[in-house]
Amino acid sequence: MNSDQYEKQYTEFKKRSKTDGRFSIEEGDKQAQLTEDTENFSYDSHYMYHTAWAARKLSANKPKKHVDVSSYIYFSTIVSAFVPVEFLDYRPLGISLHNLRSGKADLTHLDREDNSIDSLSCMHVIEHVGLGRYGDSLDPHGDKVAAGELKRVLAPGGSLYIVLPVAASGRVCFNAHRVYSFRMVQELFDGLHLKSNALLSDKGTVFIEDATEDVYSQQHYGCGCFEFLKVA
């Protein structure tokens, strides 16, 4: 819809509304929405699929408590409906919901004891650490530091859910994010066992459970979902 069509619709709707009378219709209340008259519903496929993947993992694994570090906040608020969640972020979340707690944390210096968290997630986060996007200090190794902290606090037998942009080879899109190859993800979390993975392809509609390294190598900007286990 263009602005001319919007104005015509506004005039027509205001005219027809005279027979209703329940609402005021004033120029100052107009809020033109010109981009949503589409054939299909639009959404960010990375965030739609990876949060659905992680929620299903928690539903299946049924942890007594789950800790999330800086992932998409809708994930923590929804998952807290069936498992207690502690959400940690450099910018604490000001929200009050049953089964949901929020606290402040720096992913490069987590204030938690070694081997203390049984169920942990950090999704679409690590690729940003050290690029200055969120006011953090520049550090080319920031992602390695963050991964090391997650491995340190994960308890033996515990599960870690990681989501990262993936492609055939690694690259930095400064200062938005890093993109990783399948092998780079494994190296980043060396010492942990890769229990399962899922890949949302470049097309944004093909979701592949237990994708092979060869399939990952065919991507330019896919979404890789990884379930790691810390062997006891």
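No value in this document is a laboratory result; all are computed from the given coordinates. Bear in mind the structure is a predicted one, so any value in this text is a computation, not a measurement. In this analysis, Cβ positions are derived from the backbone assuming ideal geometry, glycine residues included, and neighbour counts consider all displayed protein chains.
For the chain, the longest principal axis of the Cα atoms and the long axis of helix 3-16 meet at an angle of about 60 degrees.
Note the full-extension length gain between Lys144 and Gln31 as 0.36 nm times their separation in residues minus their Cα-Cα distance, in nm to one decimal.
On the way: separation 113, 0.36 × 113 = 40.68 nm, distance 4.49 nm.
Difference between extended and current length: 36.2 nm.
For the range 1-98, report the % of Cα-Cα distances exceeding 16 Å. Value for the range 1-98: 70 percent of Cα pairs lie more than 16 Å apart.
Label point of His193 set 7 angstrom out along Cα-Cβ; within the range 209-230, amide nitrogens under 16 Å from it belong to 227-230. Multiplying the residue separation of Ser137 and Gln218 by 0.36 nm and removing their Cα-Cα distance gives an extension gain of 25.9 nm. Neighbour counts of other Cβ atoms within 10 Å put Ile95, Ile162, Ile208 in the fewest-to-most order Ile95, Ile208, Ile162. Comparing mean-square fluctuations of Phe82, Phe41, Phe23 from a GNM of the chain with C-alpha springs under 10 Å, the top value falls on Phe23.
Considering only Glu86, Glu149, Glu26, the Gaussian network model of the chain with Cα springs below 10 Å gives its largest mean-square fluctuation to Glu26. According to the calculation over all Cα-Cα pairs in the range 129-232, the P(r) per 10 Å bin from zero is 15, 44, 34, 7 %. Note on the range 85-139: the alpha carbon radius of gyration divided by the globular reference 2.2 N^0.38 Å gives 1.24. Can you tell which of Lys151, Lys62, Lys15 shows the greatest fluctuation in a Gaussian network model of the chain with Cα springs below 10 Å? Highest fluctuation of the listed residues: Lys15.
The long axis of helix 45-61 is offset from the longest Cα principal axis of the chain by roughly 50 degrees. Here the scattering of the range 45-229 is modelled by Debye summation over its C-alpha atoms, one equal scatterer each and no solvent; at q = 0.13, 0.14, 0.16 Å⁻¹ the log10 of I(q)/I(0) is -0.62, -0.73, -0.97. FRET efficiency for the Ser59 to Phe13 pair, using the beta carbon distance and R₀ = 41 Å, is estimated at 0.40.
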